[in-house]
């Protein structure tokens, strides 16, 4: 075997089944080796950000890594935004990045770059350049072990062309996966005593703690002791719907998050980090933990969140407690002129059982959570790292990981254009994805942020032009059709519902372009800064009611 063939067998033996690729010259022997391994599915993407985002979405749903195949440092750089999201989401991904032959590096050819430095931004835990064909497969096994360790991570293996084509490659067996440890006895005892004390306690759940078994365990504690359950603002994967405990997501807007946490005396982290503001704002706090609230950790990302919660439930004698579960409830069928809220209502009305819902709708998705919380069981994937352009590629990966499940991706118009090439891969692979593009012809969230950072007084026509997408307004239906995806435009709720019903009952990918006004239009944006400033001074019931009205 040459190095590439041995590497392919090593990856397949270790359970890697999919390669999302955007190859170049240095990767041709790896590409040729794909035909030597029938267990490896090769999925071509037309942009590296699609490959990396698809690997992220695949791993979120499959629970194991796919590999990306990227061309040199420039190709890796093109995929960095979605690898950043995977890193923040603690998602296992293995990058294989081709490089010039080892003896060619000295010539500093046009595409020569420092790949390791680029890679460390998104895979600080494992970056390695393989130095020989004989060492290649062991390097790959080490990279996979790093990606699969707790917390999961992005690992990058750099593959020089001569290491790939060199003869004498020897496949290596996979390392056994070491299971993570649960919380120690001292932690369990201390937290059990704290919860029994009657203090106001809340759990902040993230990562593995947002899957059904962990949610059920946390729900028992909430039912028995009145503890509050929060999730991180942008969870990697949240299982939700009728029959599961209700978990309140921390709000994106710092003022609202502070309101949610007010009155909490003890915040217990379970595979989550202590909440901080997404950005800094003049005169506002970055740390969102209220004064007087103490932060504790039940399980770090390196530990077993489920077992830690279950052991805490046992210690608190809550095993037989029945958690309070979300009742089944759907919204009514929307009617009239289409709005972002009515799109979310239609999704809630028609949501199929066992769907994978990907939310990158930004401001247009403000009503999605409340409209779907009582719907059939589904998984929710969100923009964990905040780097836009994740949603459409995530949908590709999720659909490949779960081919029997419907995938619905709700995407803002601005973010859609970052990785619009994902539509072509959906068509090529005939994936059951319904992409919903909210076309409001604006970077709406940036208009909101313009006011919040205090720059609105300096805004003129040039500044405003940087935040709107008119002139020309993008026609996403035509773009989709040009890449082989069936597409419709909708400007009324009736037309949107018909389009969504058709998409959910017809195989293959579909795109629905929802022509909607901004959810937070100019009038609401003028009021929003005043409202946010006033929240701390309002009676708490009124403040909470206002928060739920704006961002339920």
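Laboratory data are not the source of any read-out in this text; all were calculated from the coordinates shown. All values derive from a computational prediction rather than experimental measurement. Positions of Cβ are generated from backbone atoms using ideal geometry, with glycine treated the same way; all protein chains shown enter the neighbour counts.
Measuring how big segment 1-87 is from its alpha-carbon positions, Rg and Dmax come out at 12.4, 36 Å. The angle between the Cα long axis of helix 540-550 and the main principal axis of the chain comes to about 50°, on a 0 to 90 degree scale.
Rank these for me by crowding, 544, 358, going from fewest to most other beta carbons within 10 Å. In order of increasing Cβ crowding within 10 Å: 544, 358. Site pair residue 328 and residue 530 shows an inter-label distance of 4.6 nm when each label is modelled 7 Å from Cα along Cα→Cβ.
Full extension of the chain between residue 285 and residue 314 gives 6.7 nm of extra length, using 0.36 nm per residue less the Cα-Cα distance.
For a quick protection proxy, order the peptides 490-498, 26-34 by their average other-Cβ count within 10 Å, most packed first. Display every interim value, and only then the final one.
Working: 490-498: 18.8, 26-34: 20.3.
My ranking of the peptides, most packed first, is 26-34, 490-498.
Using 0.36 nm times the number of residues separating residue 265 and residue 13, minus their current alpha carbon distance, what extension gain do you get? Show your work: numbers first, answer last.
On the way: separation 252, 0.36 × 252 = 90.72 nm, distance 4.95 nm.
That works out to 85.8 nm of additional length.
Principal-axis analysis of the Cα atoms of the chain puts helix 522-534 at an angle of about 70° to the longest axis.
Per residue, the Cα convex hull of segment 98-198 amounts to 118 Å³. Counting every alpha-carbon pair across segment 185-315, the share separated by more than 19 Å comes to 45%. For segment 241-359, report the % of Cα-Cα distances exceeding 25 Å. Cα-Cα pairs of segment 241-359 separated by over 25 Å account for 48 percent.
Of all the C-alpha pairs in segment 79-130, what % are more than 13 Å from each other? Provide the component values of the computation, followed by the final result.
Values: 810 of 1326 pairs.
Counting every Cα pair in segment 79-130, those more than 13 Å apart make up 61 percent.
Can you compute the helix-only [θ] at 222 nm over the chain? Use -39500 (n - 2.57) per DSSP H run of at least 4 residues, normalise by all residues, nearest 500 deg cm²/dmol.
Values: 23 runs with 217 residues, N = 552.
Mean residue ellipticity, 222 nm, calculated: -11500 deg cm²/dmol.
A Stokes-Einstein calculation at 37 °C with viscosity 0.692 mPa s, built on the Kirkwood radius of segment 284-343 over Cα pairs, returns a diffusion coefficient of 193 µm²/s. Taking 1.002 mPa s as the viscosity and 20 °C as the temperature, the Stokes-Einstein diffusion coefficient of segment 304-377 based on its alpha-carbon Kirkwood radius rounds to 145 µm²/s. Remark: segment 123-177 projects, on average over all directions, an area of 3.6 nm² (convex hull of Cα atoms). With the convex hull of the Cα atoms taken as the outline of segment 340-520, the averaged projected area works out to 10.1 nm². Projected label points at residue 110 and residue 276, each 7 Å from Cα along the beta carbon direction, are separated by 4.2 nanometres. Could you let me know the centre-to-centre spacing of segment 406-448 and segment 518-543, using Cα atoms, in angstrom? Centre-to-centre (Cα) distance: 29 Å. A convex hull fitted to the Cα coordinates of the chain yields 160 cubic angstrom per residue.
When peptides 162-173, 422-433 are sorted by average Cβ neighbour count within 10 Å, with the highest value leading, the order is 422-433, 162-173. Here, P(r) means the percent of Cα pairs in each 5 Å bin from 0 to the largest distance; for segment 341-403 it is 4, 17, 28, 25, 20, 7. Direction-averaged projected area, Cα convex hull, segment 203-253: 3.4 nm², rounded to one decimal. For segment 3-165, the alpha carbon convex hull comes to 91 Å³ per residue, rounded to a whole number.
With only Cα atoms counted, segment 430-540 has Rg and Dmax values of 18.3, 54 Å.
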